[in-house]
Every structure is written in C-alpha cells, then in structure tokens.
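Quick notes on the structure that follows.
The values are calculated or read from the model by the stated rules, or taken from the named source; none is laboratory data. Treat the numbers as computed from the prediction; the structure is a model and nothing was measured. As a convention, Cβ positions derive from the backbone with ideal geometry for all residues, glycine included, and neighbour counts pool all protein chains shown.
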Amino acid sequence: MRKIQKRPIDKRFRIGVLVILIAILCLSSYSLYQAYQLPFIVDKDVSACNYEQRSNFNYVVLLKPNNLYDTSTLGSNMTYFTKIVDRIDTIFSYEFTCDNPASIQGNYEVIATVSTELWEKNFVIVPGKEFSGEKKANFTAKFPLNLTVHNDFVESIGKEIGVQAKEPKLKLIYNINTVATIKNRQVKETFAPTMVIPLSKGAFDISGDISSRKPGSITRTEPFFRQDVIDKRIYTFITTILFFILLLLFAYLTKNKPIEMNRVEETVANINKKYGDWIADAKEMPLTGNQVSVSLNSMEDLIKIAEELGRPVIHVKNAQKHYYYVLDGSMRYEHLVDLYR
C-alpha cells in the first residue's frame, strides 16, 4: 500500500488554519445542538369557524292628531315633537351567523334605563328570552314605547326628591348573550346595542347603535410541522460533517515544515554538537589592544589549542557572525564563523 505523502507547510500557517477550522467546527456543532433543541412540531391555533353578530334597530313614530303633518306616522332619522308623539313602535333584529355548522345558543333581554346626572332607574321591558340555531340564529324584538310614561316618571321623581333633572334620557339596552360550539370548542359573546332618547324636551332625536356588527372566530388547535426547523437541522448537520472531514483531512495530509537554517546557523549547530563541552557562551568579549590576535582557519585547530592550554572556548554572537576565542595571557586565538567563510 502506497504511503501518503504529507505536504509540509509553514508551522504558523498550519496551526492558524487548524485553529480556524476547529473554531468553525465548534460554532457549527453548537448551531446543530440548538437546532435539535427546537421543536419541529408545535400546536397552532387555526380558525374552526368565522362568525359575525349583526343588529339593526328600526322604529316608527306614531303621531297624535295634529295640524303639522299630513300623515299619522314618521320614519327614522328625524326630529320629533314630544307633544304630538303618541308612541314609538320599535323593531330590533339580531343575527348570529357562522361560516361552518355550529351549535348556537343564546338569550336576550331589553332593559329601559331612565338616567339623569343625579340618579338612574331600570325597567325590564322584555324579560329574558332564549334563541338558538345551527350555523345561524336570530330573533326580532318588537314592542311599543310610550314616552309620556317615562317623562311623567322623571317629573314625579323630581317632585319627590325636590331636584329636577337637567338632562334626563331614556336608554334602551339590548343585553344579548350568545354561546357557539363547534368541534368541542366554544366561544361566548356578549353584545349590548343601546338606543338613546332624550326626555323632558319639546323636541328630540333618537340616537345610538342603529346598526352594528361584530365579527369573531372560533379557533381549534392543530399540530403544525415547522419546515424551517427541519431545514436548519439538515443544513447545520451537513455543515458540521463537512468541516469535521475538512479538519481531519487537513491535519492528516499536512505537516509542519522544518525550519530551514542558513549555512552559518547550521555550522554553529554542528560546532555545538561536536564541541559543546568546551564552549562557553558570553554576551560580549572584552578585548584589549595589548593582546596578540591569532586567527585560525578551522574550529578543529582552535579546539586543539584549547585542549593543549586547558582553557575553554568563549563564544560570542554578533549579528550574523559567531566569534570563538581561546585566551592565554596576551595571546588571543580566534575563529570566526560568518556567511562569507
């Protein structure tokens, strides 16, 4: 089997690449861990049924004999004169509709509230009644309204308490409670349209919730498959595996390139290897002009003299030059190793 040749590259560059690959692998592994902590199936509320409540208030004002109008009734959205109004026939309709079959149960009542800035009194006009339906439920409430009765009541209360109200008004409140059920899910709705009629005035207008609508929905819970979580898991898994393989291949197929020494350092290394016991390193050599310098051609010659004199070899490095000395009184034996020798 052929042995794989590792490619030598600079040690610092190789270590840097390995550190970067390891860091990326750690980040990718952490992202993979986070992706698997996210649920890929979650419960989500979806609409089981959209519904809408609608109400409409209509009325006809019946008049007493008078010289102003040629008719005995007046329609809506007008100004009415109290003295010639006999009664008001009210018609209120309500409808609850769903876009899917649903069981609808409800009840309603109509309350007349006479209120002033000082007091308030409630009267039940229509007691509680029920209504129901499938997909749609509705009712219509009709009754006559005699303003004279309520005006007289305000006046009698004023005489009784000794304070006449400044802004009395009659409110017709339609309290509606509806429960809709579909697929074991239920919604409860309240609806309270209100009509307002001023009292104790010569002329009045009818205002309030003439026409109202209120939409809503019944929701159910369904499992929801999160494709983004699955995609993230796949992506981070592939990324982690790729960087793991890349790290292994780079570490296995490369090696640190040996440090190349120049010829001077290689010579010095060989000298230290052969004569290291004789050599002592010094930072600098105090030389004097009285010494007689003898230059030797080889390190072997200098070692011979050191052995014969029994003296150590002093090594001094200066830039790219290496000086070797053997001192004997006024004699200085030396050998120089530099790039040009």
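Inspect all residues belonging to segment 126-141 and state whether any of them is in contact with a Leu (Cβ under 8 Å, 6 or more places away or on another chain), at pLDDT below 95 and of a type in the set (A, V, I, L, M, F, W, C). Explain how you work it out, then say what you get.
Residues of segment 126-141 in contact with a Leu (Cβ under 8 Å, 6 or more places away or on another chain): none.
No, segment 126-141 contains no residue that is in contact with a Leu (Cβ under 8 Å, 6 or more places away or on another chain), at pLDDT below 95 and of a type in the set (A, V, I, L, M, F, W, C).
What single numbered condition from (1) surrounded by 12 or more Cβ atoms within 10 Å (Cβ to Cβ); (2) over 60 Å from the mean Cα position of the chain (by Cα) fails to hold for Thr288?
Every listed condition holds for Thr288 apart from (1).
Do we find that Glu189 is on the phi < 0 side of the Ramachandran plot, modelled with pLDDT of 90 or more, under 52 Å from the mean Cα position of the chain (by Cα) and of a type in the set (D, E, K, R) in this structure? Walk me through it before giving the result.
Details: on the phi < 0 side of the Ramachandran plot: yes; modelled with pLDDT of 90 or more: yes; under 52 Å from the mean Cα position of the chain (by Cα): yes; of a type in the set (D, E, K, R): yes.
When the stated conditions are applied, Glu189 passes them.
Taking segment 32-69, which residues are modelled with pLDDT of 90 or more and small (Gly, Ala, Ser)?
Ser55
List the number of the failed condition for Ser200; all other conditions in (1) within 30 Å of Glu120 (Cβ to Cβ); (2) part of a strand (DSSP E or B); (3) in contact (Cβ under 8 Å) with a residue 24 or more places away in the chain; (4) not hydrophobic (A, V, I, L, M, F, W, C) hold.
(2)
Do we have Tyr33 as of a type outside the set (A, V, I, L, M), surrounded by 11 or more Cβ atoms within 10 Å (Cβ to Cβ) and part of a helix (DSSP H, G or I) here?
Working: of a type outside the set (A, V, I, L, M): yes; surrounded by 11 or more Cβ atoms within 10 Å (Cβ to Cβ): yes; part of a helix (DSSP H, G or I): yes.
In short, yes.
Just to be sure I understand, how many residues within segment 77-118 are among the β-branched types (Val, Ile, Thr) and not in a strand (DSSP E or B)?
First pass over segment 77-118, keeping only residues among the β-branched types (Val, Ile, Thr): 79, 82, 84-85, 88, 90-91, 97, 104, 110-111, 113-114, 116.
Pick out the ones that are also not in a strand (DSSP E or B) and you get 79, 82, 84, 116.
The qualifying residues number 4.
Looking only at segment 265-290, how many residues end up being farther than 22 Å from Gly310 by Cβ, in contact (Cβ under 8 Å) with a residue 24 or more places away in the chain, assigned to a loop (DSSP other than H, G, I, E, B) and not polar (S, T, N, Q)?
Here the count works out to 2.
Inside segment 162-175, can you point out the residues that are over 16 Å from Lys201 (Cα atoms) and in contact (Cβ under 8 Å) with a residue 12 or more places away in the chain? Break it down stepwise before answering.
Of segment 162-175, the ones over 16 Å from Lys201 (Cα atoms) are 162-163, 172-175.
The answer is Val163, Leu172, Ile173, Tyr174, Asn175.
Can you tell me how many residues in segment 156-197 are under 18 Å from Lys121 (Cα atoms) and surrounded by 15 or more Cβ atoms within 10 Å (Cβ to Cβ)?
Of the residues in segment 156-197, 15 are under 18 Å from Lys121 (Cα atoms) and surrounded by 15 or more Cβ atoms within 10 Å (Cβ to Cβ).
Among the residues of segment 123-158, what is the count of those that are outside any strand (DSSP E or B) and under 52 Å from the mean Cα position of the chain (by Cα)? Lay out the reasoning, then the answer.
Taking segment 123-158 first, the residues outside any strand (DSSP E or B) are 135, 146-158.
Then drop every residue that is not under 52 Å from the mean Cα position of the chain (by Cα), which leaves 135.
Qualifying residue count for the region: 1.
Step by step: first the residues of segment 219-237, then only those that are assigned to a helix (DSSP H, G or I) and among the hydrophobic types (A, V, I, L, M, F, W, C), then the one that is surrounded by the most Cβ atoms within 10 Å (Cβ to Cβ). Which residue is that?
If we filter segment 219-237 for residues that are assigned to a helix (DSSP H, G or I), which is where we start, we get 227-237.
Within this subset, residues satisfying the condition of being among the hydrophobic types (A, V, I, L, M, F, W, C) are 229-230, 234, 237.
Values: Val229: 17, Ile230: 13, Ile234: 11, Phe237: 15.
That would be Val229.
Restricting to segment 93-122, give me the number of residues that are of a type outside the set (S, T, N, Q) and within 17 Å of Lys188 (Cβ to Cβ). Before the answer, list the steps.
Here is the first cut: in segment 93-122, the residues of a type outside the set (S, T, N, Q) are 94-96, 98-99, 101-102, 104, 106, 108-112, 114, 117-121.
Right, trim to within 17 Å of Lys188 (Cβ to Cβ) and you get 94, 96, 98, 102, 104, 106, 108-109.
Summing the residues that are of a type outside the set (S, T, N, Q) and within 17 Å of Lys188 (Cβ to Cβ) in segment 93-122 gives 8.
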